[in-house]
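Reading through the structure tokens given below for one structure.
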Amino acid sequence: MSRSVLTLMDFRPTYTAMLAEKYDLHRWDEVDDKQAFLDQVGSKITALVTSAGVGVPDGLLDKLPNLEVITSFGVGYDVFDLDACRTRGIRLSNTPDVLTDDVADTAIMLMHATLRRLVVGDDWARSGQWAANGAMPLTRSVRGKKLGILGLGRIGQAIASRAEPSGVEVGYFGRSKKQVDYHYFDDLVALAQWSDILIAACPGGEATKGIVNADVLSALGPDGYVVNIARGSVMDEPALINALRDKVIAGAGLDVFYNEPNMDPAFAEFENVVLYPHGASGTVETRNAMAQLVVDNLDAWDQRGELVTPVI
């Protein structure tokens, strides 16, 4: 008898179809009467497919008494109750590494787009201001700047390696010093004081919630820029909005938001902010690779009781 799997969404149609061919697949997003479904099928479900953005709805784990494994489409796992999973003996996998390059590329894209005011320039050309008013105001060069990276994990190191050819000096803040040639800071405010550009590339969760706060932004200063491709939770958004409004910092490039997709509308007011809708890993190639890793994790669990990329 094939394993009963519940997927909370159609994570990629081709790969969802793969699971449907191999397993007794149930689509949570297509169930109208969810309680009736759980009463009938909940005890049969042994594997759950979800994403780093969706997580697990409140109370659902309790309705799946025989759940063995959660395979998540995404690298972040701060949305999951790891203690509850450990108590139940539920294993969890994610999809690291395969999205590193695209996320790092997006960080660099946002850095250049923010300092060079790409969105403003695009509008300047499209709107006719160029013809009517001449050249747009001067922008700032990335070359020669000091780049501070909050979190020098896989993605942080990939960002650093891409940033160096742009002529920046790299420093970083993290839980421990790494065997790299970049400047290490054991205090985030000190890194911000040193930096012209601060890129957040750390995990989400309680340990980093609001870590980029008013003190950090003040230390970054009126000529400083912040880029966030980490998690919306790492940014104290009210402090960031105040810093942008009061010109405490020069600008921001943001891929993630605290209450996404319901972004604080205040961000749309600022022409010195480049906004991106949590699309850092949003290429066909990377999303396919992530989806394949979800399938691979589920297959490995079904066949060998192992996970390819375990979190717990």
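The values are calculated or read from the model by the stated rules, or taken from the named source; none is laboratory data. Computed from a predicted structure; not experimentally measured. Counting neighbours? That spans all protein chains shown, and the Cβs are built from the backbone with ideal geometry, glycine included.
Scan segment 139-155 and tell me whether some residue there is assigned by TED's automatic domain parsing to the domain that holds L220, in a helix (DSSP H, G or I), at pLDDT 95 or above and surrounded by 19 or more Cβ atoms within 10 Å (Cβ to Cβ).
yes
Taking V180, is it loosely packed, with under 15 Cβ neighbours inside 10 Å, outside any strand (DSSP E or B), assigned by TED's automatic domain parsing to the domain that holds L147 and in contact with a Leu (Cβ under 8 Å, 6 or more places away or on another chain)?
Answer is yes for this residue.
Go through the residues of segment 197-206 one by one and say whether even a single one is assigned to a loop (DSSP other than H, G, I, E, B) and of a type in the set (D, E). Let's see the steps before the verdict.
Here is the first cut: in segment 197-206, the residues assigned to a loop (DSSP other than H, G, I, E, B) are 201-205.
Next, only the ones that are of a type in the set (D, E) stay: none.
Looking for residues that are assigned to a loop (DSSP other than H, G, I, E, B) and of a type in the set (D, E), one finds none in segment 197-206, hence no.
If I filter segment 37-62 down to residues being assigned to a strand (DSSP E or B) and β-branched (V, I, T), which single residue comes out as surrounded by the most Cβ atoms within 10 Å (Cβ to Cβ)? Please lay out each step first, then the result.
Restricting attention to segment 37-62, the residues satisfying the condition of being assigned to a strand (DSSP E or B) are 45-51.
Narrowing the set further to residues that are β-branched (V, I, T) leaves 45-46, 49-50.
Numbers: I45: 23, T46: 18, V49: 29, T50: 25.
Out of the qualifying residues, it is V49.
Does G253 satisfy the condition of being assigned to a strand (DSSP E or B) and either assigned by TED's automatic domain parsing to the domain that holds L150 or at pLDDT 95 or above (or both)? If you could, list the steps in order and put the result at the bottom.
Working: assigned to a strand (DSSP E or B): yes; either assigned by TED's automatic domain parsing to the domain that holds L150 or at pLDDT 95 or above (or both): yes.
In short, yes.
I want to confirm something. Restricting to segment 17-48 and keeping residues that are more than 22 Å from R88 (Cβ to Cβ) and touching a residue at least 40 places away in the same chain (Cβ under 8 Å), which single residue is farthest from the chain's Cα centre (by Cα)?
The selected residue is K22.
Of all residues in segment 114-128 being more than 22 Å from Q157 (Cβ to Cβ) and aliphatic (A, V, I, L, M), which is surrounded by the fewest Cβ atoms within 10 Å (Cβ to Cβ)? Step through it out loud before you land on a result.
Looking only at segment 114-128, we keep the residues that are more than 22 Å from Q157 (Cβ to Cβ), and these are 116-128.
Those still in the list that are aliphatic (A, V, I, L, M) too: 118-120, 125.
Working: L118: 16, V119: 16, V120: 17, A125: 12.
Restricting to residues being more than 22 Å from Q157 (Cβ to Cβ) and aliphatic (A, V, I, L, M), the top hit is A125.
Can you name the residue in segment 227-270 that is β-branched (V, I, T) and touching an Asp or Glu at 6+ places or on another chain (Cβ under 7 Å) and, of all such residues, is farthest from H112 (Cα to Cα)? Spell out how you get there, then give the answer.
We begin by selecting, within segment 227-270, every residue β-branched (V, I, T); these are 227, 229, 234, 241, 248-249, 256.
Subset that is touching an Asp or Glu at 6+ places or on another chain (Cβ under 7 Å): 229, 241.
Details: I229: 14, I241: 21 Å.
The selected residue is I241.
In the same structural domain as A289 (by TED's automatic domain parsing), under 20 Å from the mean Cα position of the chain (by Cα) and in a helix (DSSP H, G or I) - does that describe any residue in segment 82-90?
Looking only at segment 82-90, we keep the residues that are in the same structural domain as A289 (by TED's automatic domain parsing), and these are 82-90.
Retained after the next criterion (residues that are under 20 Å from the mean Cα position of the chain (by Cα)): 82.
Okay, now just the ones that are also in a helix (DSSP H, G or I), so 82.
Checked against the condition, which is being in the same structural domain as A289 (by TED's automatic domain parsing), under 20 Å from the mean Cα position of the chain (by Cα) and in a helix (DSSP H, G or I), segment 82-90 yields at least one hit.
Suppose the filter is more than 30 Å from F257 (Cβ to Cβ), of a type in the set (D, E) and in contact with a strand residue (DSSP E or B) (Cβ under 9 Å, 6 or more places away or on another chain); does E21 pass it? Write out each step before concluding.
Values: more than 30 Å from F257 (Cβ to Cβ): yes; of a type in the set (D, E): yes; in contact with a strand residue (DSSP E or B) (Cβ under 9 Å, 6 or more places away or on another chain): no.
No.
Note down all Cβ pairs under 8 Å where the first residue falls in segment 100-125 and is among the aromatic types (F, W, Y), the second is surrounded by fewer than 20 Cβ atoms within 10 Å (Cβ to Cβ) and part of a helix (DSSP H, G or I), and they're at least six residues apart or on different chains.
W124/W130
If you take the residues in segment 255-298 that are within 22 Å of L19 (Cα to Cα) and touching a Phe, Trp or Tyr at 6+ places or on another chain (Cβ under 8 Å), which one is surrounded by the fewest Cβ atoms within 10 Å (Cβ to Cβ)?
Here the answer is N288.
Against the definition (at pLDDT 95 or above, of a type outside the set (D, E, K, R) and either more than 30 Å from P137 (Cβ to Cβ) or buried (at least 18 other Cβ atoms within 10 Å of the Cβ) (or both)), how does N242 come out, yes or no? Steps first, answer last, please.
On the way: at pLDDT 95 or above: yes; of a type outside the set (D, E, K, R): yes; either more than 30 Å from P137 (Cβ to Cβ) or buried (at least 18 other Cβ atoms within 10 Å of the Cβ) (or both): no.
No.
Looking at (1) modelled with pLDDT of 95 or more; (2) not assigned by TED's automatic domain parsing to the domain that holds G89, which one does P261 not meet, given that it meets all the others?
Among (1) modelled with pLDDT of 95 or more; (2) not assigned by TED's automatic domain parsing to the domain that holds G89, the lone unmet condition for P261 is (1).
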